[in-house]
Amino acid sequence: MKHFITILTLPLIFCCGSAESQDEKNSNSVNKIFPQPQLPANAVLAPEFTLATTSGDLVKMSDLKGKVVLLNFWGKWCGPCRVEIPDFIRLYDKYHESGLEIVGITLPRGARSEDPKQIQRFMDNWQMNYTVLTDIKEHDAQRVTQLYGQALGRSIVGIPTTLIIDRNGYIVKRYVGPRTEKIFYNDIKPYL
């Protein structure tokens, strides 16, 4: 009888174990911790936001957890911002498969939000292959810019401003002004 009970419980143990593994596989990456280099002393958690693509799809910062993100505050009217676009395109082509996401947050030149159709035309002309976000309602992108400035303890007043965000959602590096593909790659390489 003792052997019979042991034989019956073995399949239960293995069944439960495989069900747990399946749950782990299906778990959302939002709660998962990814192995990354040690955080710099000035690292801060990237604030949550929701903005829209030019086609109206909503993107949240938390959707990007598990990816290495270059978050670029830019404007299509900004000359130095345009200088970086070819470098971002090359970086995206080379390292997207390794977990790199490039996200541009489009800031308007004046008080009015940018028209998503005009942003899309600009993206098409420049052959931009990475995610570009804009307002859902008026001034959303500007509010996100202020929110990130508050989190960093220094306002974002110049563009382009680009942040490296690690796979766990921490801002680990900040650039003000344009940088080259080589500089960005050297700084994102440990996180890929």
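The values are calculated or read from the model by the stated rules, or taken from the named source; none is laboratory data. Predicted model, so just to flag it, every value in this text is computed and none were measured. Neighbour counts are summed over all protein chains in view; Cβ atoms, including those assigned to glycine, are modelled from backbone coordinates with ideal geometry.
For the reader, a short list of remarks on this structure follows.
- Boolean, GLU114 is closer than 27 Å to VAL157 by Cβ, buried (at least 19 other Cβ atoms within 10 Å of the Cβ) and more than 17 Å from the chain's Cα centre (by Cα): yes
- Matching residues, the range 67-79, being more than 10 Å from the chain's Cα centre (by Cα) and in contact (Cβ under 8 Å) with a residue 40 or more places away in the chain: PHE73, TRP74, GLY75, LYS76, CYS78
- The residue list LYS94, LYS32 contains one member that is exposed (fewer than 14 other Cβ atoms within 10 Å of the Cβ), at negative phi, within 16 Å of the chain's Cα centre (by Cα) and not hydroxyl-bearing (Ser, Thr, Tyr), which is LYS32.
- The listed residues are LEU45, LEU64, and the only one of them that is surrounded by fewer than 14 Cβ atoms within 10 Å (Cβ to Cβ) and either more than 13 Å from the chain's Cα centre (by Cα) or in contact (Cβ under 8 Å) with a residue 24 or more places away in the chain (or both) turns out to be LEU45.
- Looking across the range 71-91, just one residue is surrounded by 14 or more Cβ atoms within 10 Å (Cβ to Cβ) and small (Gly, Ala, Ser), and that is GLY75.
- Scanning the range 165-184 for residues that are touching a residue at least 12 places away in the same chain (Cβ under 8 Å) and either part of a helix (DSSP H, G or I) or under 19 Å from ARG82 (Cα atoms) (or both) turns up ARG174, TYR175, VAL176, GLY177, PRO178, ARG179, THR180, GLU181, PHE184.
- Scanning the range 48-61 for residues that are over 20 Å from LEU147 (Cα atoms) and without any contact (Cβ under 8 Å) to a residue 24 or more places away in the chain yields a single hit, ASP57.
- Verdict on VAL132 being out of contact with any Asp or Glu (no Cβ under 9 Å at 6 or more places or on another chain), at pLDDT 95 or above, crowded, with 19+ Cβ neighbours inside 10 Å and assigned to a strand (DSSP E or B): yes
- Selection status of ASP166, at pLDDT 95 or above and buried (at least 21 other Cβ atoms within 10 Å of the Cβ): yes
- Flag for LYS189 being among the charged types (D, E, K, R), within 16 Å of the chain's Cα centre (by Cα), on the phi < 0 side of the Ramachandran plot and not in a strand (DSSP E or B): yes
- Extreme residue, farthest from PHE73 (Cα to Cα), among residues of the range 134-149 that are touching a residue at least 60 places away in the same chain (Cβ under 8 Å) and not charged (D, E, K, R): ILE136
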